[in-house]
Structures are given as structure tokens and as C-alpha cells.
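The values are calculated or read from the model by the stated rules, or taken from the named source; none is laboratory data. These numbers come from a predicted model, not from an experiment. Glycine gets a Cβ as well: all are built from the backbone with ideal geometry, and neighbour counts include every protein chain shown.
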């Protein structure tokens, strides 16, 4: 099989590094760990799994640290992992076949991130470019660094989905840790923005950082600036930015303005997260029939990142609308389906409705 080096950078990650590396050590990977200034037991714990441990003087540039880790690897094919990402499933035979079939293509891992949506525990799934030949690719960008061809930009990467699934626990931290991480990220993003003031991707990432800590007003301001720049609707981050933009408007009492997203509906109508968000816009504005149409449409879609937008979340809102119209049998059916998927709010609503009708 083609040898692969796993390259990891980190600092003060003692709460994650042992679990991360113990999962990877089950497979025949070379593990390269680059430390950017830990003051805890991170390096000591990493040494249980690899002797390839190096120090890198932090310079406010994630790409510089990433590229240093690539240089230290013994193999040309690289798998990049973060300390708070835990390998869940891997099919190395299939991965080897994909690499041999597409040697110059970048592989995406599947990453599932547990998080909260309001008070509801949910998860977001994304696909991240992490497997490549270092002779042809490297990292660019001081933060939220991107895999970039050494001969061009990263906007049109050709990718395949690799048979590797990780759980990302980075969003499942306390508020203090989230705020610390967000402030660091925003500071670096704003520094990058001074050099590239018309880059919508930077505004998207700033918005995501503010949204992570519940500052929806500043998240809205960032998304709003990114939305009105020249964006390529085909890029995956753009659909996420537009969806988050809509949610930020709902969170800041701008539902009427969110109707402007009808103007881009044709580009994202097959994306359940966006359709579900539009349903919530209509629901907030009491345009119940339009909201119902969106939630019913979302149930038919398979392209989504957040758990529930094409299942229990849409079903719950369908139940609420039917209940408001006094279509109680239809409401109970929708609530029951969502409750069967483990959605506690629907079970509570169903129980209350049944009690009220008896």
C-alpha cells in the first residue's frame, strides 16, 4: 500500500491528543506531530505514539506550521488531522485504490461535529480536503488554511471522498474555550482581511467565529459584507455562508430582510439546510403555507450538513403548522415521526396535543 504520513499541529491539547493519536496508531500511518508552544503535557502524551515530534515557533500563521509538518514527513502522501478530530472508521484498502486511481486529486475526509442548535444537541457534517501528495499541494492562508496546488489557487480543487470518518469535538467545548478560540481566529482573520479586503471567504469565516460564540449581530454584519461581494455560488462554503446569513438575520430580528434570499433560491433549492432556513423565515413572518412548502421540500432532499434539516427538524415544524391549522391527525403524525427519530421537543409537543384533545 502507498505509505501515508499523518501530520498534526497543536498546542496545549492534552485533553485531546491521547484519544486522537490512539485512534490513528491502530493503522500503519507514520505520525508526525508539530508542537507550536505547549505548556501542558501534550508532547509527553504524543510521545506515547510517535517519535516524530518537532517544535515550531508560532508566528500567527497556521499554513506555515502546516507546511513545516509536511516537510518533516517521510512520505509524500499526507493525511492532515487536528488534535480534536478522532478517527471513527477507515477503509485503507479502498483509500489505497482511490489514491492509485487519482494520484493528483485531493481526498476529503468526512467530519461529524457534535454541537448545539439552540438547546438541542445536534451534529454538523462536512467534507474537508485532507489527503494529498505534498509534491503538488501545500497550505495557504494564515488561518482556516486551505490546500492549494503549488501551481495555482484552491478555488477549483478536484476532490474525491475518502473512506475516512472523524468525529470533531472542537465545537463541544465550554463557552470560555469557544470565546478564546473565536477571539484568536477573528484577530487573525482581520489581519488577513487587511491584505484581501474583497475576499468573501474571510467574511464567511469571521461570521462563523462570531456565530460560534452566539454573537449573532456581529456574525450578521460579517455575512452581510461577504454576501454582497462577488461570490461563486458553486463553491461549497458559499451555500453555507448564505444559510448562516439567513439564520443570523432570524436571530437578530431581520426576518423581513431575509426574504431577499429568495433572489438566490434557484442556486440552493436542492440544499436541505438552506431550504429549512427559508422555511423558518416564512414561519417567522407567519407565511405558514410558504413555510410548510419549504419544510415538505426539505424532507425530499439528501444534500445537507446539519442533522435534522431534512428529517426531524422539518417534521417538527410541519407538525406545528398543522396543529395551528387544527389538522390534528396530520400534526400528530408529523410529531410522531420526529419523536421516533429521538427529537424530544416533538415528543413533548405530541404528548401535550394528545392531552389537550382528550
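For this structure, a couple of remarks:
- Annotation note: Cβ proximity below 7 Å between a residue of segment 17-45 that is on the phi > 0 side of the Ramachandran plot and in contact (Cβ under 8 Å) with a residue 12 or more places away in the chain and a residue that is surrounded by fewer than 18 Cβ atoms within 10 Å (Cβ to Cβ) and assigned to a loop (DSSP other than H, G, I, E, B) (sequence gap 6+ or interchain) occurs for 37/11; 37/58.
- Qualifying helices (runs of 4 or more DSSP H) (wholly inside segment 220-312; at least 3 residues being free of Cβ contacts under 8 Å to residues at least 40 places away in the same chain and farther than 25 Å from residue 202 by Cβ): 272-284, 288-298
- For segment 285-302, residues that are within 21 Å of residue 240 (Cβ to Cβ) and either in contact with a helix residue (DSSP H, G or I) (Cβ under 7 Å, 6 or more places away or on another chain) or crowded, with 24+ Cβ neighbours inside 10 Å (or both) total 6.
- Only one of 168, 144 that is within 25 Å of residue 234 (Cα to Cα) and in contact (Cβ under 8 Å) with a residue 60 or more places away in the chain: 144
- Members of segment 152-175 found to be over 14 Å from residue 106 (Cβ atoms) and either modelled with pLDDT of 85 or more or not in a loop (DSSP other than H, G, I, E, B) (or both), listed by number: 163, 165, 166, 167, 168, 169, 175
- Options 259, 305, 235; residue that is at pLDDT below 95, surrounded by fewer than 22 Cβ atoms within 10 Å (Cβ to Cβ) and either more than 30 Å from residue 187 (Cα to Cα) or out of contact with any helix residue (DSSP H, G or I) (no Cβ under 6 Å at 6 or more places or on another chain) (or both): 235
- Residues that are assigned to a loop (DSSP other than H, G, I, E, B) and surrounded by 13 or more Cβ atoms within 10 Å (Cβ to Cβ) within segment 176-199 comprise just one, 199.
- Residue match in segment 200-217 (condition: more than 30 Å from residue 109 (Cβ to Cβ) and assigned to a helix (DSSP H, G or I)): yes
- Members of segment 314-327 found to be out of contact with any helix residue (DSSP H, G or I) (no Cβ under 6 Å at 6 or more places or on another chain) and in a helix (DSSP H, G or I), listed by number: 320, 324
- Restricting 129, 85 to those that are under 13 Å from the mean Cα position of the chain (by Cα) and in contact (Cβ under 8 Å) with a residue 60 or more places away in the chain reduces the list to 85.
- Every residue from segment 84-108 that is in a strand (DSSP E or B) and exposed (fewer than 15 other Cβ atoms within 10 Å of the Cβ): 88, 89
- Only one entry in 79, 92, 70 is under 22 Å from residue 14 (Cα atoms) and touching a residue at least 24 places away in the same chain (Cβ under 8 Å), namely 79.
- Taken residue by residue, segment 171-178 has at least one member that is touching a residue at least 24 places away in the same chain (Cβ under 8 Å), in contact with a helix residue (DSSP H, G or I) (Cβ under 6 Å, 6 or more places away or on another chain) and more than 27 Å from residue 27 (Cβ to Cβ).
- For residue 306, the criteria (1) under 29 Å from the mean Cα position of the chain (by Cα); (2) over 25 Å from residue 251 (Cα atoms) hold in every case but one, which is (2).
- Count of residues meeting criterion [closer than 20 Å to residue 240 by Cα and in contact with a strand residue (DSSP E or B) (Cβ under 9 Å, 6 or more places away or on another chain)] in segment 92-129: 19
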